[in-house]
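Visitor: Handing you this structure, nothing more for now.
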Amino acid sequence: MKLSECKIGFAITGSFCTFDKVIPQIDFLMKEGAEITPIFSTNAYNFDTRFANAKDYVLKIMQLTNKQPIHTIVQAEPIGPQKLFDCMVISPCTGNTIAKLANGISDTPVLMAAKAHLRNNLPLVIAISSNDALGINFQNIGKLMVMKHIYFVPFGQDHYETKPNSLVADLSKLQLTIEAALEGKQYEPLLYESIK
């Protein structure tokens, strides 16, 4: 499937420090012809931080995609029965979201969206951004890596000197990962020495 024919659910969770890297990726996918529906975790939709004002950020994404966002569990549930997406992306995907997804918990709009989407045996692409990815959350990443229909954007350590357990996805590989996932393949190489 070409990106120009692809309907993508693009979910954003609360790794606020990477928010500025998400908008160019959505813009690029839109220019490639993909139809993007934004999905926000409760925290990403509501919390103002030193990195972004929530209302302004949500508005930017809405204007870019020309779509109303999904931001409640009730709004996310029909994604499965209505088969709304060909692919779903979680970017950034926090350690909290990874842990819950790996253990079957769907208590946020993004997790409900992922659960609903996966019921259709369609690809879910994860762009990790977590300070504890190589710590206690490493087991959850391992669980997800062996699950059908789940694919990872290539990732590496960032600031390993000060945050030795942190991993972050290389978003420049997002499009390639989506294209591979639509063919049922994991884009390789998956691991990079360092991401800046």
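Visitor: Of everything in segment 1-44, what is more than 13 Å from Pro92 (Cα to Cα) and among the hydroxyl-bearing types (Ser, Thr, Tyr)? Give them in sequence order.
Guide: Across segment 1-44, the qualifying residues are Ser4, Thr37, Thr42.
Visitor: For Lys115, work out the one condition from (1) at pLDDT below 95; (2) more than 14 Å from Ile12 (Cα to Cα); (3) of a type outside the set (A, V, I, L, M, F, W, C) it doesn't fulfil.
Guide: The single condition Lys115 does not satisfy is (1).
Visitor: Further, regarding this structure: Does Leu174 satisfy the criteria of being closer than 18 Å to Pro24 by Cβ, surrounded by 20 or more Cβ atoms within 10 Å (Cβ to Cβ) and of a type in the set (A, V, I, L, M)? Before you say what the answer is, go through the steps one by one.
Guide: Values: closer than 18 Å to Pro24 by Cβ: yes; surrounded by 20 or more Cβ atoms within 10 Å (Cβ to Cβ): yes; of a type in the set (A, V, I, L, M): yes.
For Leu174, the condition - closer than 18 Å to Pro24 by Cβ, surrounded by 20 or more Cβ atoms within 10 Å (Cβ to Cβ) and of a type in the set (A, V, I, L, M) - is met.
Visitor: Now for a different question. Residues Ala127, Ala133: which one is part of a loop (DSSP other than H, G, I, E, B) and in contact with a helix residue (DSSP H, G or I) (Cβ under 9 Å, 6 or more places away or on another chain)? Break it down stepwise before answering.
Guide: Values: Ala127 fails: part of a loop (DSSP other than H, G, I, E, B).
Step by step, each of Ala127, Ala133 is checked, and only Ala133 is part of a loop (DSSP other than H, G, I, E, B) and in contact with a helix residue (DSSP H, G or I) (Cβ under 9 Å, 6 or more places away or on another chain).
Visitor: Let me ask something else. So is Thr49 closer than 26 Å to Asp132 by Cα, touching a residue at least 60 places away in the same chain (Cβ under 8 Å) and polar (S, T, N, Q) or not?
Guide: Values: closer than 26 Å to Asp132 by Cα: yes; touching a residue at least 60 places away in the same chain (Cβ under 8 Å): no; polar (S, T, N, Q): yes.
So Thr49 does not fit the description; no.
Visitor: Could you give every pair whose Cβ atoms fall below 9 Å, whose first residue belongs to segment 19-40 and is in contact (Cβ under 8 Å) with a residue 60 or more places away in the chain and among the aromatic types (Phe, Trp, Tyr), and whose second residue is loosely packed, with under 15 Cβ neighbours inside 10 Å and not in a helix (DSSP H, G or I), counting only separations of at least 6 or pairs across chains?
Guide: As it stands, the answer is Phe19/Thr49; Phe19/Phe51, since those pairs meet every condition given.
Visitor: Within segment 180-192, can you find the residues that are closer than 19 Å to Ile36 by Cα and either buried (at least 18 other Cβ atoms within 10 Å of the Cβ) or aromatic (Phe, Trp, Tyr) (or both)?
Guide: Selection gives Ala181, Leu182.
Visitor: Which residues, taken from segment 166-196, are acidic (Asp, Glu), outside any loop (DSSP other than H, G, I, E, B) and farther than 15 Å from Met88 by Cα?
Guide: Taking segment 166-196 as the starting set, the residues that turn out to be acidic (Asp, Glu) are 170, 179, 183, 188, 193.
Those left that are additionally outside any loop (DSSP other than H, G, I, E, B): 179, 193.
Within segment 166-196, just Glu193 meets the criteria.
Visitor: Counting only residues that are touching a residue at least 12 places away in the same chain (Cβ under 8 Å), outside any strand (DSSP E or B) and β-branched (Val, Ile, Thr), which one in segment 136-165 is farthest from Glu193 (Cα to Cα)?
Guide: Ile141
Visitor: Being crowded, with 21+ Cβ neighbours inside 10 Å, touching a Cys at 6+ places or on another chain (Cβ under 8 Å) and farther than 15 Å from Pro92 by Cα is the filter here; which residues of segment 122-165 pass it?
Guide: Of everything in segment 122-165, just one residue is crowded, with 21+ Cβ neighbours inside 10 Å, touching a Cys at 6+ places or on another chain (Cβ under 8 Å) and farther than 15 Å from Pro92 by Cα, namely Pro123.
Visitor: Here's a follow-up. In segment 118-164, how many residues are touching a strand residue (DSSP E or B) at 6+ places or on another chain (Cβ under 8 Å) and polar (S, T, N, Q)?
Guide: Counting residues in segment 118-164 that are touching a strand residue (DSSP E or B) at 6+ places or on another chain (Cβ under 8 Å) and polar (S, T, N, Q) gives 4.
The values are calculated or read from the model by the stated rules, or taken from the named source; none is laboratory data. All values reported here derive from a predicted model rather than from experimental measurement. Because the Cβ atoms are built from the backbone with ideal geometry, glycine has one as well, and the counts that use them run over all protein chains shown.
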